[in-house]
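Chemist: Dropping the structure in here first, questions after.
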Amino acid sequence: MAVDMPVKGLDAHKEEPVNCHTLMSGIENGKSKQGLCNRMNKALRSCLNTSDSGKEPLKNFYKFNNASDTSAYAQYRKANVAFVHLPKAGGTSVENILGHIHSNGKQILKKPIWHCTQLYHEGKNAKLHTEQYLYFSKRSYGVHNYVNSHRPFAYVTWFREPIGRLVSTYYFLKKMRCWSIHTICKKYVLPSRSLTDYIKRTNDIRLTDFDNFYIRLLQFGDYPAVDDTFEDCCGSVTVGEAHKIPVIEEKHYLIAKRNLEKMAFIGITEDFKTSQDMVSNLFGIPVEKKEVHSNANPHSTKLTDWELNELKRRNYWDLKLYEDAKQIYEEQKRNYLTLKEN
């Protein structure tokens, strides 16, 4: 197994900022698609790892602002919003909610970030964005360092209890025949007769959707071996290369926790209504635009002791990050409820 070394890791704040637009504009397409991907990823990582010394996203609103002060909302409501979408956590509903943000009478424009290449093209585009954008999907973390915009960036994400999310993901992928994600899913999820059968089939590999997925989601640019095996990046692995998907360790968790703390707002699926009220209040979204949690999976999360223990073992760091997210969420909620009482 390859050793996963950080590019700059936790010492990123000591580095000088990189001009991303200059860096990316200098990358030529060349003949090799894989060669372009490698050069593109290197440039993206160089930009992302300046996040502590370059542009900073807006801080968590309810933790660091007086929610009773109406002037505190202004910079958040005019900001570009980046929604880091954790699949099967109510994200489709959240995207719909955030799509109702308005600034100066104009509705926010939506732009998906599904692949590394979309981040690359955002960074390469030197044209100054004047409109307010909602960037969304799994690849949206880090977009604040690539987009040429005078607006600040506010990150939003939503968490769901990891084991329940995993069960929902398994049945969703079975139903959708793995959707568009990589061949490892089609190799191991589709032929499995049950969740137990899937777990046994994947005893020696780590399909990213089922193995500390949120930790992997918040790694981009810090640990290349994690990023290069993410299923929708140009470094996607084949069935024969499944062993290359690295084990998540404490060092990856620490990066994810640091990036989690850069979120302007964190919602919790298990408390969806209050989370929705809080994010709507933050961005000035009208009450009548609220959503019922859609795209929910009807399958029960009742597991055998063996299944539960195996999923907990494989997702130890996601469970830990979920507890961190809940702690931040409860602090947000206390401050919000204090606002409602006054």
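Chemist: Which condition from (1) crowded, with 20+ Cβ neighbours inside 10 Å; (2) part of a strand (DSSP E or B) is the one that TYR141 breaks?
Modeler: (2)
Chemist: Condition (residue is at pLDDT 90 or above, open to solvent by 10 Å² or more (accessible area, probe 1.4 Å) and in a helix (DSSP H, G or I)) applied to the stretch 280-297: is it met by at least one residue?
Modeler: Yes - at least one qualifying residue is present in the stretch 280-297.
Chemist: Can you tell me which residue within the stretch 144-184, out of those that are assigned to a helix (DSSP H, G or I) and β-branched (Val, Ile, Thr), is surrounded by the most Cβ atoms within 10 Å (Cβ to Cβ)?
Modeler: ILE184
Chemist: From the set of residues in the stretch 188-230 that are charged (D, E, K, R) and modelled with pLDDT under 85, which is farthest from LEU254 (Cα to Cα)?
Modeler: We begin by selecting, within the stretch 188-230, every residue charged (D, E, K, R); these are 193, 197, 200-201, 204, 206, 209, 211, 216, 222, 227-228.
Applying the additional criterion that residues be modelled with pLDDT under 85 yields 204, 206, 209, 222, 227-228.
Numbers: ASP204: 25, ARG206: 20, ASP209: 20, ASP222: 11, ASP227: 16, ASP228: 19 Å.
This residue is ASP204.
Chemist: Name the residue that is most open to solvent (accessible area, probe 1.4 Å), counting only residues in the stretch 50-65 that are at pLDDT 90 or above and part of a loop (DSSP other than H, G, I, E, B). So that I can check it myself, show each step before the final result.
Modeler: From the stretch 50-65, those at pLDDT 90 or above are 57-65; that's our starting set.
The next check asks that each one be part of a loop (DSSP other than H, G, I, E, B); those that pass are 57-60, 65.
Numbers: PRO57: 12, LEU58: 18, LYS59: 128, ASN60: 4, ASN65: 44 Å².
Once the filter is applied, the top-ranked residue is LYS59.
Chemist: Can you name every residue in the stretch 255-273 that is in contact with a helix residue (DSSP H, G or I) (Cβ under 6 Å, 6 or more places away or on another chain), more than 12 Å from TYR322 (Cα to Cα) and either part of a loop (DSSP other than H, G, I, E, B) or open to solvent by 20 Å² or more (accessible area, probe 1.4 Å) (or both)?
Modeler: Within the stretch 255-273, just ALA264 meets the criteria.
Chemist: Could you say which residue among TYR198, TYR171, TYR155, TYR188 is closer than 17 Å to ILE113 by Cα and aromatic (Phe, Trp, Tyr)? Even if it seems obvious, please write down each step before you answer.
Modeler: Working: TYR198 fails: closer than 17 Å to ILE113 by Cα; TYR171 fails: closer than 17 Å to ILE113 by Cα; TYR188 fails: closer than 17 Å to ILE113 by Cα.
Residue meeting the stated conditions: TYR155.
The values are calculated or read from the model by the stated rules, or taken from the named source; none is laboratory data. None of the values given here were measured: they were computed from a predicted structure. Heads up, the Cβs are rebuilt from the backbone with ideal geometry, glycines too, and the neighbour counts pull from every protein chain shown. Heads up: the accessible areas ignore ligands, DNA and RNA and are worked out on the full protein's heavy atoms, side chains in. Shrake-Rupley method; radii C 1.70, N 1.55, O 1.52, S 1.80 Å.
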